[in-house]
1. So which of A:Glu136, A:Glu143 is within 27 Å of A:Asp57 (Cα to Cα), among the charged types (D, E, K, R) and either in contact with a Ser or Thr (Cβ under 6 Å, 6 or more places away or on another chain) or at pLDDT below 95 (or both)?
2. I need the full set of residues from segment B:203-228 which are within 14 Å of chain A (Cβ to nearest Cβ) and surrounded by fewer than 24 Cβ atoms within 10 Å (Cβ to Cβ), in order please.
3. If the requirement is being at the interface with chain B (Cβ under 9 Å from one of its Cβ atoms) and either among the β-branched types (Val, Ile, Thr) or more than 14 Å from B:Gly104 (Cβ to Cβ) (or both), which of these qualifies: A:Arg105, A:Arg88?
4. Six or more apart or on different chains, Cβ under 6 Å: which pairs go from a residue in segment B:294-306 that's surrounded by 20 or more Cβ atoms within 10 Å (Cβ to Cβ) to one that's acidic (Asp, Glu)? Could you list them?
5. Go through segment B:284-342 and report how many residues are hydrophobic (A, V, I, L, M, F, W, C) and assigned to a helix (DSSP H, G or I).
6. For segment A:16-27, how many residues are in a strand (DSSP E or B) and more than 21 Å from A:His54 (Cα to Cα)?
7. Can you tell me how many residues within segment A:135-160 are over 22 Å from B:Gly367 (Cβ atoms) and among the small types (Gly, Ala, Ser)?
8. Going by the structure shown, is B:Asp163 touching a residue at least 24 places away in the same chain (Cβ under 8 Å), buried (at least 22 other Cβ atoms within 10 Å of the Cβ), touching a Ser or Thr at 6+ places or on another chain (Cβ under 7 Å) and outside the structural domain of B:Thr348 (by TED's automatic domain parsing)?
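The values are calculated or read from the model by the stated rules, or taken from the named source; none is laboratory data. What you see is a predicted model; the values in this text were computed from it and never measured. No Cβ is skipped: glycine too gets one built from the backbone with ideal geometry, and neighbour counts run over all protein chains shown.
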Amino acid sequence: MSGKEYYISNFCTIRNGCVFKNGKLIYKDITSESLKDFSKNIYKFMELNYSKFHKMDELCKLGFLASEVVLQNEENVDEDTALVFSNRASSLDTDRKHQHTIEDREQFFPSPAIFVYTLPNIIMGEISIRNNMKSENAFFVTETFQPHFISNYSEILMNTGKASSVICGWVDLDSNKYDVFLALLSTKGIRRLTKEELSKLYNQ
Amino acid sequence: MRKVYLADDTIISPLGFSTEENLQNLRNNSTGIKEVLDDSIWPSVFYGALLDNDSLSDAWGSFSNDSDYTKLEKMMLLSVSKLLKQNPSLNIHKSGIIISTTKGNIDKLREKNNNKAYLGSIAVTIQDYFKLEKTPTILSNACISGGLALAIGKRMIQSALFDDIIVIGGDLLSEFTLSGFFSFQAVSPKPCKPFCKNRTGISLGEAAAAAWLSSDIKNSKRSVIEITGDATANDANHISGPSRTGEGLYKSINKALKEAALSSNHIDFITAHGTATPFNDEMEAIAFNRSGLKNTPINSLKGYYGHTLGASALIESIIARHCLLNNELFASLGFEELGVSQPINVITTNSNQTIHRVLKTASGFGGCNVALIIEKTG
């Protein structure tokens with residue numbers, strides 16, 4: 001196994017009404033009453049123009065926005081940029097919405113537009129479409145963010161040539177409680193990729 | 001680079017509670033898909049491959065007196081318990097464990113206290129039952145999960161993170177998923193017919209399975225079966241519709257072949273995804289043609305198992321291992337007449353012939369695709 005050096009090129013955290021890029025606060029909104037409004041306000045702040053965003057479920061919107069922050073100002077996004085995501089609640093936020101549509105046999109209205117989002121890896125599909133990434137995807141479900149496992153697996157993908165770079169991290173949403181951390185890993189940057197560094201950046 | 005061997009496996013499905021029982025049913029071309037009338041899943045009759053609760057309880061009873069587990073937990077615990085019983089040398093405490101599931105105990109979401117509906121609850125159940133130090137990792141990557149879990153296990157062994165990996169896969173046939181696929185108008189009113197002109201959609205199924213990946217060739221039984229190539233690729237096209245060009249699947253097949261240092265004419269047999277929806281099967285036919293695989297014998301096992309979601313690609317890879325061990329091919333059940341625009345060579349009758357290399361593929365929502373090369377190397 002080649003022991004190339006990798007770096008955490010960019011990272012984004014969305015937590016408690018704040019959006020951070022590489023540790024610096026870039027957007028704050030503690031007045032929005034709903035997560036939907038919060039995401040929409042970040043979208044506006046970033047001056048995005050991407051109609052598919054409005055069809056996404058709330059989990060996808062959060063992951064999508066963080067990926068936009070991480071890839072902002074990146075000149076070339078390689079087609080072989082892998083996506084290695086994780087969370088605790090899988091797609092439970094939308095699972096509950098689908099469950100609501102089938103709760104009562106007398107009022108039974110399941111919808112494909114909701115059902116398709118009852119899989120957590122759909123986030124990675126959305127980000128792949130946006131950036132034309134025809135790459136490796138994996139979605140893991142763990143109790144808490146596992147920087148050791150995620151950095152190990154991401155390094156394996158880059159060491160074996162299965163990916164040129166990796167966007168990895170944690171995109172969790174459960175009953176309006178959200179926690180988002182995505183990092184772009186590549187051969188460029190100033191922060192050396194180690195599990196300690198990834199853990200530190202997630203926790204800061 | 002370390003080599004990775006498929007050492008042993010078990011399947012718990014409507015076709016039996018061991019891999020051997022499953023194989024017997026495939027040899028007889030018996031299907032697990034039946035007419036189901038079960039009001040807890042659907043108010044009217046539908047076709048699906050449901051695992052009988054009483055048979056499961058009986059099989060579970062031979063391992064444990066504790067009935068306080070969900071159906072899926074029993075299926076998964078049973079598959080691992082059997083795998084361990086078959087292989088006294090396999091130490092689960094030293095092995096990495098990857099659990100592949102799309103929806104876990106999703107049938108519990110209806111209940112008030114529904115902590116079991118969290119996917120992570122399954123990992124904790126397996127940890128507690130086998131008294132493991134660490135919580136197993138769950139992979140939830142739509143319908144490619146079972147194949148991707150094998151690929152990830154292989155990569156972890158190659159990187160020397162573990163010497164042995166146990167991949168566990170399982171999903172239920174639930175009202176939750178059935179209603180969703182009905183809303184997509186993707187459920188067939190008759191047992192599914194992959195790649196057939198008369199196909200009208202999927203049949204759902206439920207099953208669990210466990211496979212032992214090992215770095216040690218000595219754990220091989222009879223012949224040596226190795227995973228020599230693997231790749232996934234996203235279509236970057238649509239979150240629910242298959243790519244019209246089969247781009248992601250084509251790309252995964254080529255990458256997997258490249259890693260195995262093979263070309264498409266080395267492949268003796270393809271065990272495809274073949275869900276029997278009009279668009280999926282068409283996409284696969286296009287990707288196989290682009291990959292130079294139009295003459296390679298191909299089947300889909302969905303006509304036997306239905307679509308078992310997170311278990312499907314794992315079960316199909318396990319069956320592929322046994323096809324290599326036994327030099328046999330199984331007919332693609334439900335197939336009558338080719339119903340895709342590109343030529344493919346669908347297997348219509350069981351046969352015995354020497355095979356060395358199998359291509360396993362799967363595709364899923366979110367535009368994901370996986371390809372595995374499984375080879376008999378000794």
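1. A:Glu136
2. Once the filter is applied, which keeps residues that are within 14 Å of chain A (Cβ to nearest Cβ) and surrounded by fewer than 24 Cβ atoms within 10 Å (Cβ to Cβ), segment B:203-228 yields B:Ser215, B:Thr228.
3. A:Arg105
4. From residues that are surrounded by 20 or more Cβ atoms within 10 Å (Cβ to Cβ), the pairs are B:Leu301/B:Glu316.
5. Of the residues in segment B:284-342, 15 are hydrophobic (A, V, I, L, M, F, W, C) and assigned to a helix (DSSP H, G or I).
6. Counting residues in segment A:16-27 that are in a strand (DSSP E or B) and more than 21 Å from A:His54 (Cα to Cα) gives 5.
7. Looking only at that region, the number is 1.
8. Taking the combined requirement at face value, the residue does not satisfy it.
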